[in-house]
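*Asks:* Dropping a structure here in structure tokens format, bear with me for questions.
The values are calculated or read from the model by the stated rules, or taken from the named source; none is laboratory data. Note that the coordinates shown come from a computational prediction; the quantities given were computed from them, not determined experimentally. For neighbour counting, all protein chains shown are included, and Cβ atoms are generated from backbone atoms with ideal geometry for every residue, glycine included. SASA here: full protein model, heavy atoms, side chains in, ligands and nucleic acids out. Shrake-Rupley method; radii C 1.70, N 1.55, O 1.52, S 1.80 Å.
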Amino acid sequence: MLNFAVGPVQSSDAVREIGQEQVPYFRTPEFSELMFENERLVKDFAGAEENARVVFLTGSGTAAMEAAVMNVFTEKDKVLVVNGGSFGHRFAELCALHEVPYTEIRLNYGEPLTEEKLWSYGEGGYTGFLVNVHETSTGVHYDMEMISRFCREKGLFLVVDAVSSFLADPFEMKKLGVHVMLTGSQKALACPPGISLVVLSAEAVKRVNENKTKCMYLDLKSALKNGERGQTPFTPAVGILRQIHTRLLEIEKAGGVESEIARIRSLAEDFRKKIQGLPFEIFSPSMSNALTPLHPLNSSAHEIFVTLKDEYGIWICPNGGELADRVFRVGHLGALTPEDNTRLVEAMKDMQRRGLL
Ligand SMILES: *Cc1c(COP(=O)(O)O)cnc(C)c1O
């Protein structure tokens, strides 16, 4: 199997080896040490301020999205939500569910957020801003510097879902004035799904501690308190936290976050070069390094996905809903090489010879 999906993605051998070990008991100083190191490395790679904190939740990325909405906003807030695809839509649904007043900045699929559009929301008396920096469902990567300027000028509390962008695109929390950043274990962290991460600035920690949360499992106050001794309130996905530890050390040893971003960028560029001449159009005008969204000109995107899976043993990422037949996505996250790109492009060229593209 060769996997170009956007998550789960292929893991390194060292990460996979941990997957077959027995899972240890975790209320120990040794496990606390590992968690402290996880927190230190994530803070470093996220460009977070010195007294920022990291919470590791057992749950997929959506658990971190829900925890953020519940723990930092209240019914007294008025939040702007960028909705350009299914993840932006999810933030809007979470605000509705948790009774946080919100306004959606609606974008068509594949449409970037422009300066003009953003500033047309400048006067609504807003207090917060929610955005998925990379709207993975369409492959649009929003301009974070522009959003950061807007939020600073308007004094908005900025929460960024960087689930598919962390470690793939340059992103520095402190520099951008981001209060909360979310990510998950199964995207560029290239571990199994099951852990999501919430990175909180000192201001965000204060806000969490002042808010009441009507949920036990996703209450970040108790997670932060337990985290002070390198522990979690409940049994976490211990094995995945050990895999994340190995993976973070791997990235550190290879040169840190910049070299990991450069590695993913060069894989993305290599792929985009190799598909030139194939009957595809790039779906997004501003892409992340994490994936390439493609609109096939002559055939169904979903059928291309099925054929590659069933006849070539290669997985790309199909789209759902309205885009199912129009767009598929090729991921560049995880343990992939330029040779893997060649294998995929050769399979596509073979499909073209067979009249399937
Ligand atoms: C993958 C992803 C998530 C998390 O989805 P889960 O299925 O809950 O892990 C959230 N936001 C974005 C932008 C993502 O790409």
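*Asks:* Where in the range 223-273 are there trypsin sites (Lys or Arg not before Pro) that are in a DSSP coil and have at most 15 other Cβ atoms within 10 angstrom of their Cβ?
*Replies:* Numbers: sites: Lys225, Arg229, Arg242, Arg247, Lys253, Arg263, Arg265, Arg272, Lys273; in loops: Arg229.
Those that pass, being in a loop and sparsely packed, are Arg229.
*Asks:* OK, next. Tally the DSSP beta bridges in the range 1-158 and give the antiparallel ones as a percent, rounded to 5.
*Replies:* Bridges in the range 1-158 that DSSP calls antiparallel: roughly 15 percent.
*Asks:* May I pose another question? DSSP beta bridges in the chain, what fraction antiparallel, as a percent rounded to 5? If you can, show how the numbers build up before the last one.
*Replies:* Working: 22 of 40 bridges.
Close to 55 percent.
*Asks:* How large is ³J(HN,Hα), in whole Hz, for each residue of the range 192-206 in order, when computed from phi with the Karplus curve 6.51 cos²θ - 1.76 cosθ + 1.60 and θ = phi - 60°, using x for Gly and Pro?
*Replies:* The phi angles translate into x, x, x, 10, 10, 10, 10, 9, 10, 5, 4, 5, 5, 4, 4 Hz.
*Asks:* Could you bin all the Cα-Cα distances of the range 184-259 into 10 Å bins starting at 0 and give me the percent of pairs in each, rounded to whole numbers?
*Replies:* 16, 41, 33, 9, 0
*Asks:* Here is a follow-up. Take Glu172, project a point 7 Å from its Cα along the Cβ direction, then tell me which residues of the range 237-265 have their backbone nitrogen under 13 Å from it.
*Replies:* Residues 257-258 qualify, since their backbone N sits under 13 Å from the label point.
*Asks:* Rounded to the nearest 20 debye, what is the charge dipole size of the range 13-253 about its Cα centre when +1 sits on each Lys and Arg Cβ and -1 on each Asp and Glu Cβ? Let's see the in-between values first.
*Replies:* On the way: 26 positive and 33 negative charges, 116 e Å.
Roughly 560 debye for the range 13-253.
*Asks:* Follow-up question, since we're still on this one. At 1.4 Å probe size, with no ligands or nucleic acids counted, give the accessible surface of Asp310 in Å², nearest ten.
*Replies:* For Asp310, the solvent-accessible surface is approximately 100 Å².
*Asks:* Between the alpha-carbon centers of the range 269-289 and the range 118-180, tell me the distance in whole angstrom.
*Replies:* 25 Å
*Asks:* How large is the Rg to Rh ratio of the range 257-353 when both quantities use alpha carbon positions and Rh follows Kirkwood? Could the numbers behind the result be given before it?
*Replies:* On the way: Rg = 13.0 Å, Rh = 13.7 Å.
Rg/Rh: 0.95.
*Asks:* Are there GluC sites (Glu not before Pro) in the range 238-315 that DSSP marks as loop and that have at most 10 other Cβ atoms within 10 Å, and which are they? If you can, show how the numbers build up before the last one.
*Replies:* Values: sites: Glu250, Glu252, Glu258, Glu260, Glu269, Glu281, Glu303, Glu311; in loops: none.
Filter output for the range 238-315: empty list.
*Asks:* Write down the Kirkwood hydrodynamic radius of the chain, to one decimal in angstroms, obtained as one divided by the mean of 1/r over all alpha carbon pairs. Provide the component values of the computation, followed by the final result.
*Replies:* Numbers: mean 1/r = 0.0479 Å⁻¹.
After inverting the pairwise mean of 1/r, the radius is 20.9 Å.
*Asks:* How far apart, in nm, are the 7 Å Cα→Cβ label points at Phe234 and Glu346?
*Replies:* Output for this residue pair reads 4.8 nm.
*Asks:* OK, next. Compare the Cα positions of Thr342, Ala162, Leu200 along the charge dipole of the chain (+1 at Cβ of Lys, Arg; -1 at Cβ of Asp, Glu; about the Cα centre) and return the one farthest towards the positive end.
*Replies:* Value computed over the given set: Leu200.
*Asks:* Here's a follow-up. Considering the dipole of the range 1-103 built from charges on the beta carbon (Lys and Arg +1, Asp and Glu -1) around the Cα centre, which of Ile18, Ala48, Gly7 is farthest to its positive end?
*Replies:* Gly7
*Asks:* FRET efficiency for Asn298 and Asp143, Cβ-Cβ distance as r, R0 = 25 Å, nearest 0.05?
*Replies:* So the FRET efficiency works out to roughly 0.15.
*Asks:* Moving to a separate point now. Which chymotrypsin sites (Phe, Trp or Tyr not before Pro) from the range 218-280 combine a DSSP loop assignment with at most 15 other Cβ atoms within 10 Å? Write down the numbers at each step before the final one.
*Replies:* Values: sites: Phe234, Phe271, Phe280; in loops: Phe234.
Loop-located and lightly packed - Phe234.
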